[in-house]
1. Does the stretch A:180-197 contain at least one residue that is closer than 30 Å to A:GLU252 by Cβ, surrounded by 15 or more Cβ atoms within 10 Å (Cβ to Cβ) and either of a type in the set (Ser, Thr, Tyr) or under 20 Å from the mean Cα position of the chain (by Cα) (or both)?
2. Looking only at the stretch A:260-272, which residues are more than 7 Å from chain B (Cβ to nearest Cβ) and crowded, with 20+ Cβ neighbours inside 10 Å?
3. I'd like the full set of residues that are crowded, with 20+ Cβ neighbours inside 10 Å and over 17 Å from A:ARG100 (Cα atoms), limited to the stretch A:279-290.
4. Please go through the stretch B:245-268 and give me each residue that is under 10 Å from B:TYR194 (Cα atoms), of a type outside the set (Ser, Thr, Tyr) and either under 25 Å from the mean Cα position of the chain (by Cα) or away from chain A (no Cβ under 14 Å) (or both), ordered by number.
5. Are there any pairs, at least 6 apart or on different chains, whose C-beta atoms fall under 9 Å, with the first in the stretch B:357-372 and under 15 Å from B:ALA296 (Cα atoms) and the second aromatic (Phe, Trp, Tyr), and if so, which?
6. Which of the residues spanning the stretch B:74-100 are under 14 Å from B:VAL318 (Cα atoms) and of a type in the set (A, V, I, L, M)?
7. Name the one entry in B:ALA411, B:ALA432 that is more than 10 Å from B:ALA238 (Cβ to Cβ) and modelled with pLDDT of 95 or more.
8. Does B:PRO134 count as within 14 Å of another protein chain (Cβ to nearest Cβ) and either in contact (Cβ under 8 Å) with a residue 60 or more places away in the chain or in contact with a Gly (Cβ under 7 Å, 6 or more places away or on another chain) (or both)?
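The values are calculated or read from the model by the stated rules, or taken from the named source; none is laboratory data. All values derive from a computational prediction rather than experimental measurement. Note that each Cβ is placed from the backbone with ideal geometry, even for glycine, and that neighbours are counted across all protein chains shown.
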Amino acid sequence: MSSTTLDQNTKQPRSLKPSKASDPSASAGSLKESLLSRTGAMLIMGIFTLYFLIPIWWLFVASSKSQGQLLTTNGLWFADFNLFQNIGDLFAYRDGVFLRWMGNSVLYAGLGGLVATIIAGMCGYALAKYRFPGREVIFNVVLGGVLVPATALALPLFLLFSQAQLTNTFWAVFLPSIVSPFGVYLTRIFAAQSVPDELIEASRIDGAGEIRTFFTVSIRLMAPALVTVFLFQFVAIWNNFFLPLIMLRSEELFPVTFGLYAWNTQLNQVPELRPYVLIGALLSIIPLIVTFLLLQRFWRSGLGTGSLK
Amino acid sequence: MQHMKRAAGVVLLATLALAGCSATGGGDGTAADADACKPSTGKVDLEFTSWIPGIEDAVALWNSENPDIQVKVQTGPNGNSGTYQNFFNQLKAGNAPDLGQIEYDALPNFRVQDGLEDIGVCSEVAEAKDSFVPWTWGQVTLGTDKSVYGVPQDSGPMALFYRSDLFEANNIPVPTTWAEYKDAAKKVRAAGGYITNFSQSDINQFAGFVWQADGQWFQNNGDEWTVDLTSDASKQVADYWQELIDEDLVSTVPAWTDEWNNAYNSGNVWSWNSAVWGANSIASGAPDTAGKWSVAPAPQWNAGEEKAGNWGGSSVAVFKGTDHLYEASKFALWLNTSDESLTLLNKSANIYPATTEGLSLPSLQEGVEFYGGQKIYDVFADAATQVNPDFVWGPTMTQTYADVSDGFKAAVTGDGTLFDALTDGQKSTIDAMKAQSIPVKG
């Protein structure tokens, strides 16, 4: 991950100031200066990378220790290597409830992110490409939705879902997760500039319906933005802790974040849970890292487009 | 199910409004209703929310023995970490579970918000009174004569955990009074350690000290509350610990952190005034010190007395709106009084029973290796009977704990005193109660 950061670092000035950095005939003085500032920037980046990676390192090291050694040995270096033993114990604990939680999280975040992306993509595309009365009003209302933190909505949502008798169900977490105001915003901006009107005209002339046009032509052009939206939403749902906390009571529906939190609050009473919380936390970030690494290429270009416009 | 609950709620309200007129229909009624607690016909499903690990095993046992009363366990984080707030939300939305785990210090809050059924109307519950350690029963009657708002589950009588090896090696006698404890603290400090760590965040531990000194923080005469965080007993306890802090005789690292564990594990801190469940906390937090600890009765304020404080403990309460008061209270009683259930809970979650019989469970008769084979639970069984039955919790403990804890944190850094924190906490507690329209004196 550090290579990514540095890679970005060296690329950034080039794309921001194309005339200077990409000009091979730049003077020796400015080259020296840029080397100096580059080293400085690298140093700061390096320090911050370290700062962000040390907790993960600690988590990894702690996960590899037995319960006894956890508190008695150096936190940043290994004692006896028990990682796989610990993972095995965690998976076996209470008939593998942890795996169930992981599966739930993958379902909430994966499926939720996918549906959210499709809805946001269609919505943004419609707002960008169709002219209809109230378009700006709708867009502004959606934009307003970006400003309302999800946490503030959790309690009203709970009361609403209570009326519909849907609390403590899969839908209680899933339905609120498939809405992404920010996704609508991003896809609208992106669709406006990456999907040419002429192309839509062309497909209309060829006899394709609007929906078919969207799914066969436009969606491909919007791919970078859609991947960004998916990634954002995936991470947001995965980390959304407050909604499950309020909505769910049955252990078999918990996402992994909430399950680990519940364990963590019991540490005073049941200290045996401590290693499980640690290993669980380590394992629970793996899907995030995998998703991020797989999709970051798209993500960067999509984010860049959104932010520059 | 939900509709029925809501309907029952409406019936209940109507009953209350008519005050005395007989209610028609509906499975539940008011405390005045003689047959408010009658069995439902047919199979009954109950929901029970608890965060106690392993409680599913006890419930599974119940379900296998009671095919007509099936209990479904729901879980979540411990009370103050979210489950209490959830309970309040669910009560508001009318979909609270039938039963819930509630710690003693949170019960008055639920009572004030009218979230609890009075299970005292069930004769089985009223009859069970004598099976419980008397003061735990006081924790669930909330100072009333006949009302019962939960079945006591566990308790946390306090005693003194100490490093017997270090005390012996340095020729320090085990303190039996708080004055001796301070003398011992000086000797321990001279030997390079601290006698204990003063926790800035465990206000319920501090309350346990006040409890032991026969102090009262709250009282409720039925009409209004009295808040008294600054009584003589509170002042005595606060001044005592303030002295220890001022003279650098106790460490003040934040409790329940790695730093705190390490202070015990490395032998820097030599004793802990804690509850019975603390036995497990030391064993897991300070594994290198295995075999070197012992447990002695808590130091007393006056030589020769036998008084103990309490830290923690919880009950199983029945929430307003349940359709099955009889079945719910029957289950709650079984869960917290039967040998098989208490044994399971003790094994899976170190639950220390609140019944007198439970104190002599076989698993509580054995010597504990971590404590050099000492039968430590004998000490706690004695302590359990020495707790003052009159201590009452207030209806806004979360707020009181938070405010006093803020003051304690300031006090250990030299900004104000512990007693200042209690004085401020007294004021903010009264303000908070007034803000919630809870009748309070002052």
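1. Initial filter on the stretch A:180-197 (closer than 30 Å to A:GLU252 by Cβ): A:180, A:183.
Filter again for surrounded by 15 or more Cβ atoms within 10 Å (Cβ to Cβ), leaving A:180, A:183.
Still in the running and either of a type in the set (Ser, Thr, Tyr) or under 20 Å from the mean Cα position of the chain (by Cα) (or both): A:180, A:183.
The answer is yes; a qualifying residue exists.
2. Passing the criteria: A:LEU260, A:TRP263.
3. Across the stretch A:279-290, there are no qualifying residues.
4. The answer is B:ASP248, B:LEU249, B:VAL250.
5. So the pair list comes out as B:VAL368/B:TYR377; B:PHE370/B:TRP293; B:TYR371/B:PHE161; B:TYR371/B:TRP293; B:GLY372/B:TRP293.
6. B:LEU91, B:ALA96, B:LEU99
7. Details: B:ALA411 fails: more than 10 Å from B:ALA238 (Cβ to Cβ).
Answer to the check: B:ALA432.
8. Working: within 14 Å of another protein chain (Cβ to nearest Cβ): no; either in contact (Cβ under 8 Å) with a residue 60 or more places away in the chain or in contact with a Gly (Cβ under 7 Å, 6 or more places away or on another chain) (or both): yes.
Judged against the criteria, B:PRO134 is not a match.
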